[in-house]
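S.K.: Got a structure for you, questions after.
The values are calculated or read from the model by the stated rules, or taken from the named source; none is laboratory data. The structure displayed is predicted, hence computed values, not measured ones. Reconstructed Cβ throughout: ideal geometry from the backbone, glycine too, with neighbour counts over all protein chains shown.
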Amino acid sequence: MDIDGFWNLIEQSARETEGKEARLRWLQEQLARRSAEEIIDFQSWILEARRKVDTNLMWGAAIVLYLVGTSDSFWYFQMWLAGLGRETFERVASDPDTLADVPEVQRFLTMQRDRIPRTDDDWPEFESLSYVAPKAWEKVTGTERDALFDALEARGHLLYGMPHLTDEDWDPEDDEEAARRVPRSHRFIREFYGRA
């Protein structure tokens, strides 16, 4: 499975289903019809996507916009970004300060500001997207997911269970620093809450 095949599956899962749980089931069923090698490919692309957005700049932009807090929530947020599809993901990955322009982000922030009840489908987290390939792997191969992880490591992937940030650290709660690092997001959230 090449990168186009990966993104086609991610995007088709959104078109074919409603809600995160249905998307996960759909993806798992699709992967379970494929070879073990393609399942490894899919998980490789998941890891590649995660690496692109596993940065202090992305985490900072997400904190400034009140989308995440803890390292756990940022980890799950990375998968949510991938779930938005290739175009949105690549745009935000190349410039985290464009997060404020994403319609799904604006919708969530509006619900949050206006105290509209939210469901799991509304939150900017999609942890279980990380587990689709391992579950399909177990079904297809009849082996434990450790064998999948071994195959990924053999391809040169470093596996870790939490954010592994490699860019410059900074404090997104420092107003001046946030305004300098992610000016668009900083300005957007201040205007959004009437604090401009």
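S.K.: Anything in the range 123-141 that is modelled with pLDDT under 95 and outside any helix (DSSP H, G or I)? List them, or say none.
M.R.: Matches in the range 123-141: none.
S.K.: Sticking with this structure for a sec: I'm trying to understand the selection: among the residues of the range 82-103, which are in contact with an Asp or Glu (Cβ under 8 Å, 6 or more places away or on another chain) and crowded, with 20+ Cβ neighbours inside 10 Å?
M.R.: Correct list: 84 only.
S.K.: Is it true that some residue in the range 104-114 is of a type in the set (Val, Ile, Thr), loosely packed, with under 15 Cβ neighbours inside 10 Å, over 20 Å from residue 186 (Cα atoms) and out of contact with any helix residue (DSSP H, G or I) (no Cβ under 6 Å at 6 or more places or on another chain)?
M.R.: No, every residue in the range 104-114 fails to be of a type in the set (Val, Ile, Thr), loosely packed, with under 15 Cβ neighbours inside 10 Å, over 20 Å from residue 186 (Cα atoms) and out of contact with any helix residue (DSSP H, G or I) (no Cβ under 6 Å at 6 or more places or on another chain).
S.K.: Failed condition for residue 156, given (1) in contact (Cβ under 8 Å) with a residue 24 or more places away in the chain; (2) in a loop (DSSP other than H, G, I, E, B), with all others met?
M.R.: Just one mismatch for residue 156, condition (1).
S.K.: What are the pairs, 6+ residues apart or on separate chains, where a residue within the range 19-45 that is farther than 13 Å from residue 6 by Cβ and at pLDDT 95 or above has its Cβ under 6 Å from a residue that is outside any helix (DSSP H, G or I) and β-branched (Val, Ile, Thr)?
M.R.: Cβ pairs passing all conditions: 23/17; 26/17.
S.K.: So which pairs qualify, if the first residue must be in the range 133-147 and under 17 Å from residue 46 (Cα atoms), the second must be of a type outside the set (Asp, Glu) and part of a loop (DSSP other than H, G, I, E, B), the Cβ gap must be under 8 Å, and the two must be at least 6 apart or on different chains?
M.R.: Correct list of pairs: 136/34; 137/143.
S.K.: Just need a number here: residues in the range 151-182 that are in contact with an Asp or Glu (Cβ under 7 Å, 6 or more places away or on another chain), loosely packed, with under 14 Cβ neighbours inside 10 Å and over 29 Å from residue 45 (Cα atoms).
M.R.: 1
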